[in-house]
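Student: To start, I am sharing the structure in question, which I have written as structure tokens.
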Amino acid sequence: MSKHERLLLKILSGTSDANVHFDDLCNLLISFSFEMRIRGSHHMFRKEGVVEKINLQRAGNKAKPYQVKQVRNVLVKYKLGGDIDV
């Protein structure tokens with residue numbers, strides 16, 4: 001299982017939202033073809049066909065738990081997780 005698959009499983013399971021590294025979450029979104037734009041401390045992600053815009057900010061070296069939950073909701077809504085079962 002690749003690093004992205006492990007992270008995706010961790011996010012989709014929802015058991016450790018407070019323990020997701022910020023850079024790993026950004027790289028995961030980029031691997032799903034999201035475009036990243038940085039303005040100050042805000043990392044904004046957009047993707048064609050996805051209505052929601054994802055806005056991430058660092059909390060130390062981790063992503064903020066409520067933002068991980070928002071990413072999970074987008075991944076589930078648009079079925080971007082592929083065939084990973086939780």
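Student: Could you please tell me which pairs satisfy a Cβ distance under 8 Å, a separation of 6+ or placement on different chains, a first residue in segment 29-46 that is closer than 15 Å to Leu8 by Cα, and a second residue that is modelled with pLDDT under 95 and open to solvent by 50 Å² or more (accessible area, probe 1.4 Å)?
Tutor: Ser31/His4
Student: Could you tell me which of the residues Leu80, Leu8, Leu56, Leu12 is surrounded by 14 or more Cβ atoms within 10 Å (Cβ to Cβ) and in contact with a His (Cβ under 6 Å, 6 or more places away or on another chain)?
Tutor: Working: Leu80 fails: in contact with a His (Cβ under 6 Å, 6 or more places away or on another chain); Leu8 fails: in contact with a His (Cβ under 6 Å, 6 or more places away or on another chain); Leu12 fails: in contact with a His (Cβ under 6 Å, 6 or more places away or on another chain).
Going through Leu80, Leu8, Leu56, Leu12 in turn, the sole match is Leu56.
Student: Looking at Leu8, is it within 12 Å of the chain's Cα centre (by Cα) and at pLDDT below 95?
Tutor: Numbers: within 12 Å of the chain's Cα centre (by Cα): yes; at pLDDT below 95: yes.
Spelling it out, Leu8 is indeed within 12 Å of the chain's Cα centre (by Cα) and at pLDDT below 95.
Student: Residues of segment 22-53 being surrounded by 14 or more Cβ atoms within 10 Å (Cβ to Cβ) and either touching a Cys at 6+ places or on another chain (Cβ under 6 Å) or more than 17 Å from Gly81 (Cα to Cα) (or both), which ones?
Tutor: Those that are surrounded by 14 or more Cβ atoms within 10 Å (Cβ to Cβ) and either touching a Cys at 6+ places or on another chain (Cβ under 6 Å) or more than 17 Å from Gly81 (Cα to Cα) (or both): Phe22, Met36, His43, Met44.
Student: Go through segment 30-56 residue by residue and tally those that are basic (Lys, Arg) and at positive phi.
Tutor: Total meeting the criteria: 0.
Student: Is there any pair linking a residue in segment 1-24 that is under 10 Å from Pro65 (Cα atoms) and free of Cβ contacts under 8 Å to residues at least 24 places away in the same chain to one that is open to solvent by 50 Å² or more (accessible area, probe 1.4 Å) and not polar (S, T, N, Q), with Cβ under 7 Å and at least six apart or on different chains, and which?
Tutor: Filtered contacts from segment 1-24: Ser16/Lys10.
The values are calculated or read from the model by the stated rules, or taken from the named source; none is laboratory data. Note that the structure is predicted; figures quoted are calculated from it, not measured. Note that each Cβ is placed from the backbone with ideal geometry, even for glycine, and that neighbours are counted across all protein chains shown. The protein model used for the area step is the full one, side chains on, heavy atoms only, and it has no ligands, DNA or RNA in it. Shrake-Rupley method; radii C 1.70, N 1.55, O 1.52, S 1.80 Å.
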